[in-house]
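Trainee: Here's a structure for you.
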Amino acid sequence: MVNVVFWNLNQRGNGFCPTLKSIAHNADILLLAESKMSDDEVKVCVGLDRVPYKSDFDAKEFTPKLYARTSAVTIEHYSSSPSKRLVFYLLDTKEFGEIIIGGIHFPSKATYHGQTQLSFANNYSKWVSEVEQQRKHRRTILFGDFNMNPFEQGMIEPQAFNATLSYDIAKSETRTSHYERFPYFYNPM
C-alpha cells in the first residue's frame, strides 16, 4: 500500500516542519500546495525527494509539488495543465501496473466562484481525460485542493468531474447526459 499525504501550506515556510513531519512521517508520496519550503527543507523535514518536474513552477507556488520516498515507489512527472495547477505523474506499481497520479490545486473561492469554478472544472476534467487517452487507461487518482465542496456543480456535473461518493454508482463506470457518456470519478469525501 502506498501512503499519500496532501497539504496546502497556505504560503507558510519552514516553521511548519514539526507539524508536517508529524503528519507525513509515514508518507510515500507528499503533495504540497502553496509551499514556501525549499526542496532541501522538505527533504530534511520529512525525508522525501521532490520528483523532477519538466517545466517551471508558477511564481506564487500554485503548482502542486510532489515529493516521494523513492525507495518505496517508482514515480515520474508526465505533464501539466496549461495553468500549472494540475500536474500529472506516473506511478508504477507491481499490483496494478501504471497509475496516473494527478495533483490539483484548484483556484480559490476568494477569487473565483459559481459558474467560473464550474467552467474551470470542465477544463480540468478534459485535461484528465486527455492524459488517460494518451496513456490508454483510466487508472487515475486525483488528489489535492479542489476548493469546492463535494456536492458543488464543478464536482458533480457530468462535463466537469462527474464525481460520486457512492462506490456502487462509481462501479457502473459512466453516466449518460444528453446522449453522451461521461466517466465517473469516485470521490469518497
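The values are calculated or read from the model by the stated rules, or taken from the named source; none is laboratory data. Remember, it's a predicted structure, so these values are computed and weren't measured experimentally. Here Cβ is always computed from backbone atoms with ideal geometry, including for glycine, and neighbour counts include all displayed protein chains.
Trainee: Which count do you get for residues in region 91-138 that are of a type in the set (Phe, Trp, Tyr) and either surrounded by fewer than 14 Cβ atoms within 10 Å (Cβ to Cβ) or over 23 Å from Ser35 (Cβ atoms) (or both)? It would help to see each step written out before you state the result.
Mentor: The first filter runs over region 91-138 and keeps only residues of a type in the set (Phe, Trp, Tyr), leaving 96, 106, 112, 120, 124, 127.
If we keep only those that are either surrounded by fewer than 14 Cβ atoms within 10 Å (Cβ to Cβ) or over 23 Å from Ser35 (Cβ atoms) (or both) as well, we get 96.
Of the residues in that region, 1 qualify.
Trainee: For the list (1) modelled with pLDDT of 85 or more; (2) outside any loop (DSSP other than H, G, I, E, B); (3) farther than 30 Å from Asn122 by Cβ, I need the number of the one condition that Asn26 fails.
Mentor: (2)
Trainee: Could we say that Val51 is in contact (Cβ under 8 Å) with a residue 24 or more places away in the chain, aliphatic (A, V, I, L, M) and more than 22 Å from Pro183 (Cβ to Cβ) here?
Mentor: Here the answer is yes, as Val51 does meet what is asked.
Trainee: Something else: What are the pairs with Cβ atoms under 6 angstrom where one residue, in region 61-83, is on the phi > 0 side of the Ramachandran plot and the other, located anywhere, is part of a strand (DSSP E or B) and among the hydroxyl-bearing types (Ser, Thr, Tyr)? Sequence gap at least six, or different chains.
Mentor: Glu61/Ser35
Trainee: Related question: Which condition does Thr174 not pass, out of (1) in contact (Cβ under 8 Å) with a residue 12 or more places away in the chain; (2) more than 19 Å from the chain's Cα centre (by Cα); (3) surrounded by 12 or more Cβ atoms within 10 Å (Cβ to Cβ), if it passes all the others?
Mentor: (1)
Trainee: Could you tell me which of the residues Ser38, Ser83, Ser71 is surrounded by 13 or more Cβ atoms within 10 Å (Cβ to Cβ), of a type in the set (S, T, N, Q) and modelled with pLDDT under 90?
Mentor: Numbers: Ser38 fails: surrounded by 13 or more Cβ atoms within 10 Å (Cβ to Cβ); Ser71 fails: surrounded by 13 or more Cβ atoms within 10 Å (Cβ to Cβ).
Residue meeting the stated conditions: Ser83.
Trainee: Further, regarding this structure: Just to confirm my filter: which strands (runs of 3 or more DSSP E) fall fully inside region 106-184 and include at least 1 residues that are on the phi > 0 side of the Ramachandran plot?
Mentor: Where strands (runs of 3 or more DSSP E) fall fully within region 106-184 and carry at least 1 residues being on the phi > 0 side of the Ramachandran plot, they are 140-145.
Trainee: What about Phe182, is it surrounded by 14 or more Cβ atoms within 10 Å (Cβ to Cβ), free of Cβ contacts under 8 Å to residues at least 60 places away in the same chain and more than 30 Å from Glu34 (Cα to Cα)?
Mentor: Against the criterion (surrounded by 14 or more Cβ atoms within 10 Å (Cβ to Cβ), free of Cβ contacts under 8 Å to residues at least 60 places away in the same chain and more than 30 Å from Glu34 (Cα to Cα)), Phe182 qualifies.
Trainee: From the list Val2, Val44, which residue is in contact (Cβ under 8 Å) with a residue 60 or more places away in the chain and outside any strand (DSSP E or B)? Even if it seems obvious, please write down each step before you answer.
Mentor: Working: Val44 fails: in contact (Cβ under 8 Å) with a residue 60 or more places away in the chain.
Going through Val2, Val44 in turn, the sole match is Val2.
Trainee: With respect to the numbered conditions (1) more than 12 Å from the chain's Cα centre (by Cα); (2) surrounded by 13 or more Cβ atoms within 10 Å (Cβ to Cβ), which one is the sole condition not fulfilled by Phe88?
Mentor: (1)
Trainee: With Lys60, Lys54, Lys43 as the choices, which residue is touching a His at 6+ places or on another chain (Cβ under 8 Å) and either farther than 21 Å from Asn187 by Cα or at pLDDT 90 or above (or both)?
Mentor: Lys54
Residues are listed down the side, and each one gets a yes or a no for (1) out of contact with any Lys or Arg (no Cβ under 6 Å at 6 or more places or on another chain); (2) more than 22 Å from Ala27 (Cβ to Cβ):
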| position | (1), (2) |
| --- | --- |
| Pro64 | yes, no |
| Val73 | yes, no |
| His77 | no, no |
| Gly114 | yes, yes |
| Gln117 | yes, yes |
| Val131 | yes, yes |
| Arg139 | yes, no |
| Phe146 | yes, no |
